[in-house]
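Just below is one structure, and these are the notes that go with it.
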Amino acid sequence: MSSKLRVSLTGTGYTKDRSPIRALATQCGSDFSYGFFLLKTISLTMAIILGVTLCATRLWAAPKIEYAGPFIDKPPVIIGGMQDFPPYEFLDKNGTPSGFNVELTRAIARVMEMNVEIQLGNWNVMRQALVHGDIDALQGLNFSAERTKEVDFSPPHSVVQYSIWSRSGTPKISQLSEIQEKTVVVLKGSISDELLQSAGINNLIRADSYGEALRLVASEKYDYLAAAKLPIQALSSTMRLVNIVPMMNIDSLPYSYAVKRGNLALMGKFSEGLAILKKTGEYQKIHHRWLGVLEPQALPIMEIIKYATPVVGTLLLIIFVIVLWSRMLKKQVAQRTAALAHEISERERAMKELQHHQKQLIQADKMASLGILVAGVAHEINNPIGGILLGLPTLHKAHEMASSCLEERYRESGDFTIGGLRYSIMREEVPLLFDEMVQGAKRIKHIVEDLKDFSRTIDPTCTTPLDLNTIVKTSVRLAEHTIKKTTDSFVENYTESLPKIYGCSQRLEQIVINLILNACQALEHRGQSITLRTYHINNEVRLEVKDQGVGIPKEHFPHLTDPFFTTKREVGGTGLGLSISAGIVKEHGGQLKFNSTPGKGTKVTLALPVAKENAA
């Protein structure tokens, strides 16, 4: 009890400098010093012990009550037991049940006015009889947690010690692991059977009785016997097996009445009857008669402790309340601390999200400003380009009209110079120059129109039928300068007559341009290639962008679409390209898949669902 009390007080958080007694004195508001308080406590304890001793002396001298019995007019309660378990229970020479358990059962029957019938037999058979309801109780069963699944136990009426036995001359053992590889005889269904199984000893030989088990070991057929100490001592003496000696003790286990699980009424009678016998002193007499000469006698102080238990229990209850109150305070502090930590964590997370959104807004504002700038520049470029395209055909026609006169002069006077060029050269080059200027102007106009479309304000609800090939070709034109500057091998493979998709062309162009630019930035030299391919599969239209660049490390894959994640920050990368692209793809009900091998390149696949009217 003292060790448990010590552990409980330690768990409350008292330190070496603040002992439980001192803490109690402080909480009571005492102004006395620690030493004086301790002296008072010791004096009070001595007074309590003296008072308890006087009370115990008076109780010890109380008159004993005799009870009549048995009561044969009541239905019998069938009590089972083991036929060869002396001195607890056994059949005597006349075949009559005898032993400590039998006499104790009869005494309980008297004080509880019960009609009992005691049946002793094979142990395993009796256990099964209780489980199946053929008998009402067992008068002796060792407690174990596994057995509580089938039976309910009374308070223990004794303690049984179990030991390992063998023949004389066998070396002593100190732990069960030493018989791991040996054969061990146990009583079938006994507690020793369960104990050795739980210890990992599997070479068990199960006997039906203790007598059979003793003969198997005494005859050297098997190595060891695991059984109760007192019954084996008694049986080996009766059977004159003088070569059986104990090797080591296993455990001492509570020994109680047992009833079928749920039969609380009968269990209550046994428990109450046992308590009455202990109070009247009859239990001690029965115990002394059968077990007193075999077990060490308890000191008289134990009786005093028994009667002092209520007082000690009260003190323990007071200490328990104090400890409980302290623990409740600690728990409340811990809960409040955890709540504050959670609140701080949530605030930090909200602050990070706010900063993230602020960065996104700044970037979006930059992109919006760039769009306005692009639209203005495109408009300014578009006007002179329109004039160039309008004037070039006129100049071309004027050149054609003047060429006849120039040719005539050339035939009559020979070669001559116009604008610093000899006519013989100019007559071949000028028509080509006119064609190239017209084509260049048209190309500039086309790029300007694409820029204007790309920078135009987008209606989020705008979805129209689109051709993926057209979107990709437009994106390639917009990124053509970067492509030509990066690689000498840019391959485009378009599958004709692709099914239509629904979406916003500008937002999809933004994705394609971002994928092309990423592929360009992954190349290490101009000899590496970029390949674009469009195709249709499983009600999806797909774009595949494949490069022979540096590839993507595996550890970066989970973060490719995270906002602000980039490996190119030193060259101006923001980490928003793929994040924004992934969001646009999700809006269109599509998928963005990455496949990469470091050092060999990357393949990115954009998959978009086919418009429902075009789905297969």
Margin query: Per 0.36 nm of contour for each residue apart, how much would the distance between Tyr535 and Ala275 grow if the chain were fully extended, relative to their Cα-Cα spacing?
Written below: 84.6 nm
Check: What shape does region 303-452 have by the C-alpha gyration tensor, where a ≥ b ≥ c are the square roots of the eigenvalues, rounded means a/c under 1.5, and otherwise prolate means a/b greater than b/c and oblate the rest?
Finding: prolate
Check: Non-local amide H neighbours of Met247 (under 5 Å, H modeled in plane, Pro and chain starts lacking H): which ones?
Finding: Ile164, Trp165, Ser166
Next item on the list: Round to the nearest 10 and report in Å² the accessible area of Lys306, as given by a 1.4 Å probe over the protein chains' heavy atoms.
Entry: 80
Next item on the list: Between the alpha-carbon centers of region 252-269 and region 100-174, tell me the distance in whole angstrom.
Entry: 10
Checklist line | Residue-wise HN-Hα coupling along region 383-396, computed from phi with Karplus coefficients 6.51, -1.76, 1.60 (Hz; x: Gly, Pro) | finding: 5, x, 5, x, x, 5, 5, 6, x, 4, x, 5, 4, 5
Margin query: Check which residues have an amide H placed less than 5 Å from Gln119's amide H, if you skip close sequence neighbours.
Written below: Ile79, Gly80, Gly81
Note to self: Please list, in order along region 503-519, the HN-Hα scalar couplings obtained from phi with the Karplus expression 6.51 cos²θ - 1.76 cosθ + 1.60 (θ = phi - 60°), rounded to whole Hz, x for Gly and Pro.
What the structure shows: x, 10, 4, 5, 5, 5, 4, 4, 5, 4, 4, 4, 5, 5, 4, 4, 5
Item checked: Accessible heavy-atom area order of Thr482, Thr474, highest first, probe of 1.4 Å -> Thr482, Thr474
Check: Across region 419-435, in residue order, what do the Karplus-derived ³J(HN,Hα) couplings come to in whole Hz, using 6.51 cos²θ - 1.76 cosθ + 1.60 with θ = phi - 60° and x for Gly and Pro?
Finding: x, x, 10, 6, 4, 4, 8, 4, 4, 8, 7, 4, x, 5, 4, 4, 5
Notebook entry, point to check: Quick one: with all protein chains in place, what share of the accessible area of region 459-609 is carbon or sulfur, to the nearest percent (1.4 Å probe)?
Noted result: 50
Notebook entry, point to check: Which order do peptides 556-562, 501-507 fall in by mean Cβ count within 10 Å, highest first?
Noted result: 501-507, 556-562
Next item on the list: Multiply the residue separation of Lys149 and Asn382 by 0.36 nm, subtract the distance between their alpha-carbon atoms, and state the gained length in nm to one decimal.
Entry: 74.7 nm
Check: Roughly how many percent of the accessible protein surface of region 155-304 is carbon and sulfur, given a 1.4 Å probe and a whole-percent answer?
Finding: 54
Next item on the list: Just need the relative contact order of region 303-452 here, percent rounded to a whole number, with Cα pairs under 8 Å and 6+ apart.
Entry: 31
Check: Based on the alpha-carbon gyration tensor of region 456-562 and its eigenvalue square roots a ≥ b ≥ c, which shape applies: rounded if a/c is under 1.5, prolate if not and a/b is larger than b/c, or oblate?
Finding: prolate
Item checked: Per residue accessible area of region 303-452, 1.4 Å probe, in Å² -> 74
Checklist line | Å² of accessible area per residue within region 77-292, as computed with a 1.4 Å probe and no ligands counted | finding: 43
Next item on the list: Using packing as a proxy for protection, rank 79-88, 271-280, 185-194 so that the peptide with the highest average count of other Cβ atoms within 10 Å comes first.
Entry: 79-88, 185-194, 271-280
Check: Which cross-chain or sequence-distant (5 or more) residues have an amide H under 5 Å from the amide H of Ser158, H modelled 1.01 Å from N in plane?
Finding: Tyr255
Next item on the list: When a/c is below 1.5 the answer is rounded, else prolate if a/b is larger than b/c, else oblate, so apply that to region 77-292 with a ≥ b ≥ c taken from the square roots of the Cα gyration tensor eigenvalues.
Entry: prolate
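The values are calculated or read from the model by the stated rules, or taken from the named source; none is laboratory data. Predicted model only: the values in this text are computed from it and were never measured. Glycine gets a Cβ as well: all are built from the backbone with ideal geometry, and neighbour counts include every protein chain shown. Protein only, heavy atoms only, side chains kept; ligands, DNA and RNA dropped before computing areas. Shrake-Rupley method; radii C 1.70, N 1.55, O 1.52, S 1.80 Å.
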